[in-house]
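Everything on this sheet refers to the single structure shown next.
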Amino acid sequence: MSPGPAQALAEGFPDLSGLAVARRMRWGRWTAALLIVLALLALARAFANGQIEWSYVGRFLTVPAILDGIINTVVMAVAAMALGIVLGVVVAIMRLSPNPVLRAVAGGYTWLFRGTPVILQLLLWFNLALVFPVIGVPGLWSGRAVDLMTPFLSALLGLGINQGAYTSEVMRAGMLSVDVGQYEAAQAIGMSHLRALRRIILPQAMRVVIPPLGNEFISMVKMTSLASVIQYPEVLHSAENIYYANSRVIELLIVAGIWYLAVVSALTPLQMLLERRFARGLTGNSG
Amino acid sequence: MIQPFVAIRNVSKAFGKFQALQNVSLDVQAGQVLCLIGASGSGKTTLLRCVNQLVRIDRGGIWLDGDLLGMRVQNGRLHVLNDAEIARQRLSTGMVFQRFNLFPHMTALQNVAEGPVQVQRRKAGEVKAEALELLARVGLADKAANYPSQLSGGQQQRVAIARALAMRPKLMLFDEPTSALDPELVGEVLAVMKELARSHMTMIVVTHELGFAREVADRVVYMDAGRIVEEGPPGQVLSAPNEARTKAFLSAVLA
């Protein structure tokens with residue numbers, strides 16, 4: 001249906017192809033921006049005139065006790081998250097297993113550790129010596145629980161095992177999101193259940209679980225502050241110790257807050273790198 | 001009489017209340033191409049999946065090259081084989097799926113090499129050479145480094161055929177291999193399958209491509225409601241069927 005040269009067009013529809021599009025005034029945007037700037041200025045003025053000695057914030061931001069604290073926070077967050085992911089993967093595989101005993105154990109674990117507050121779990125691990133004065137493997141090795149359950153180990157077990165319960169649900173959702181045809185194709189080339197999970201299902205599940213795991217990791221960085229109740233020297237614990245001595249409560253809480261924000265901000269680009277790594281083959285041009 | 005390569009005897013399978021297969025018996029000789037035709041829900045795909053043990057049969061038995069699949073007879077009772085034994089039995093069959101099911105996180109080459117390296121534990125270098133040969137055989141030598149998302153449906157299905165062949169199977173199963181393809185891509189997949197048939201691979205093909213069945217099949221089986229209604233050479237089943245149900249199906253498909 002190519003239009004022939006003699007085709008007659010109706011009148012009254014002028015050619016608009018030469019006209020430029022005029023800029024629209026976006027009044028809503030300008031008003032909103034103005035209101036927000038005013039609110040921020042008011043807030044800044046309030047804090048500047050409030051009872052905060054900002055020089056203390058600057059001075060204590062980099063004192064050794066605070067720096068040690070933030071290092072301990074990061075170490076604990078990484079270690080507990082690693083433990084949580086390992087447990088989460090194992091428990092998710094157990095929950096999707098054809099074996100009813102494994103499924104029940106995995107379900108029970110999730111129920112128990114998601115159903116109790118993490119601070120209670122931390123206190124239980126820290127006070128394990130009250131239940132079992134001596135722990136160990138009979139005939140091989142044993143030790144006094146008081147010496148063994150250091151703040152570090154108690155915090156690692158408490159946070160890591162609790163995290164495992166949440167991570168297992170994230171991992172399970174990720175594994176369920178992979179098409180069942182993938183599992184059948186893996187079986188068809190002779191893979192056993194576990195090899196199909198490891199080689200085919202989990203790598204594809206990772207792409208789905210990284211955003212929620214990033215969320216979980218951010219929560220974990222902040223959840224380490226709970227370990228201050230069992231004397232683990234993370235950054236909030238250090239800040240508290242300093243303000244007990246110098247009474248600069250708000251200044252030191254701001255210092256801790258700045259560090260938490262810094263660590264969490266550093267995690268976002270890390271997550272983007274991981275997401276790119278696991279998106280292999282799933283975007284059209286990643287050759 | 002020669003021993004059939006695949007022997008299916010009195011196989012029944014139900015999914016809940018739905019009887020997918022009822023007392024199906026069938027022989028496939030080595031080197032033969034058998035096409036299963038029938039309406040959707042007639043049980044042809046289920047039968048194919050039983051041969052690859054993606055579906056466990058309720059009653060009956062399937063023998064592949066003389067081996068009973070999925071079970072062992074001991075003291076007059078049937079014992080179900082474990083996961084590893086079933087995985088080992090699957091090594092002698094290759095399967096091609098309707099929806100390709102390529103592994104999206106691996107390149108075409110990695111898809112083809114995955115089974116031989118990970119499952120059969122063959123040397124990576126040797127497998128890679130063979131995988132490239134297989135990709136060349138299905139006409140995709142230049143797509144080895146591409147991910148499935150970068151390939152057309154027809155190309156993906158040809159990679160899937162190469163992936164199945166890489167395991168050096170004795171029997172190839174095709175589950176409606178062209179049903180998910182755009183019409184212009186069907187031919188390239190059928191061409192690969194015809195080449196495979198000429199090389200005397202034993203094949204069971206569930207298909208709606210009656211032209212392919214007429215040209216390539218040694219025998220055609222028409223199924224309806226979980227039973228085999230009619231079977232015979234393609235000239236007879238497709239051109240001069242005896243059963244009224246076969247005639248009705250063929251006229252509906254060809255209409």
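Each reported figure results from applying straightforward, stated rules to the coordinates on display, with no laboratory input. These numbers come from a predicted model, not from an experiment. Here Cβ is always computed from backbone atoms with ideal geometry, including for glycine, and neighbour counts include all displayed protein chains.
Summary of values
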quantity	calculated
Kyte-Doolittle mean at least -1.0, axial Cα span of 18 Å or more - DSSP H helices of chain A	A:27-49, A:64-95, A:100-114, A:151-176, A:202-223, A:249-278
10 Å beta-carbon shell around B:GLN29, net charge (K/R +1, D/E -1)	-1
Debye log10 I(q)/I(0) for chain B, one point scatterer per Cα, at q = 0.08, 0.11 Å⁻¹	-0.32, -0.61
Relative contact order for chain B, counting Cα pairs under 8 Å that sit 6 or more residues apart, in percent	26
Peptide A:176-185, shielding by other chains (average Cβ, 10 Å cutoff)	4
Helix-derived mean residue ellipticity, 222 nm - over chain A, DSSP H n ≥ 4, -39500 (n - 2.57), to 500	-22500 deg cm²/dmol
Calculated from backbone phi, Karplus (6.51, -1.76, 1.60) coupling profile of segment B:70-75 in Hz, x at Gly/Pro	x, 9, 9, 8, 9, 6
Expected 222 nm ellipticity per residue - DSSP helices of 4 or more, -39500 (n - 2.57), all of chain B, to 500	-10000 deg cm²/dmol
Above-threshold pairs, the threshold being 26 Å between Cα atoms, out of B:LYS44/B:LYS170; B:LYS170/B:LYS194; B:LYS44/B:LYS143; B:LYS128/B:LYS170; B:LYS17/B:LYS247	B:LYS44/B:LYS143; B:LYS17/B:LYS247
Environment charge of B:LEU81, counting only residues whose C-beta is closer than 14 Å and scoring Lys/Arg +1, Asp/Glu -1	+2
Placed amide H near B:LEU81: partners under 5 Å, 5+ positions off or other chain	B:MET71, B:ARG72
Most mobile of B:VAL127, B:VAL221, B:VAL73 in a GNM of chain B (Cα contacts under 10 Å)	B:VAL73
For chain B, built as a Gaussian network whose Cα springs stay under 10 Å, the top-fluctuating residue of B:GLU126, B:GLU209, B:GLU114	B:GLU126
Euclidean distance of C-alpha centroids, segment A:67-120 and segment A:157-177, integer Å	6
Per-residue Cβ neighbour rank within 10 angstrom, fewest leading, B:VAL119, A:VAL137	A:VAL137, B:VAL119
Segment A:115-172 - percent relative contact order, Cα under 8 Å, separation 6 or more	38
Cα→Cβ-extended label distance, 7 Å offset, between A:MET272 and A:ILE36, nm	1.9
Cα-based convex hull volume of the protein assembly as shown per residue, rounded to whole Å³	306
Mean-position separation - Cα centroids, segment A:220-255 and segment B:21-98, in angstrom	65
Sorted by Cβ density within 10 Å, fewest first, the residues B:ILE37, A:ILE119, A:ILE201	A:ILE119, A:ILE201, B:ILE37
Segment A:76-232: mean projected area of Cα convex hull, nm²	10.8
Cα-based radius of gyration of segment A:209-287 once divided by 2.2 N^0.38 Å, which approximates compact folds	1.53
Gaussian network model of chain A, springs between alpha carbon atoms under 10 Å - residue of A:VAL37, A:VAL180, A:VAL134 with greatest fluctuation	A:VAL37
Neighbour net charge for A:ALA80 - beta-carbon separation under 15 angstrom, K R +1, D E -1	-1
Relative contact order (percent, whole number), segment A:76-232, Cα cutoff 8 Å, 6+ residue spacing	34
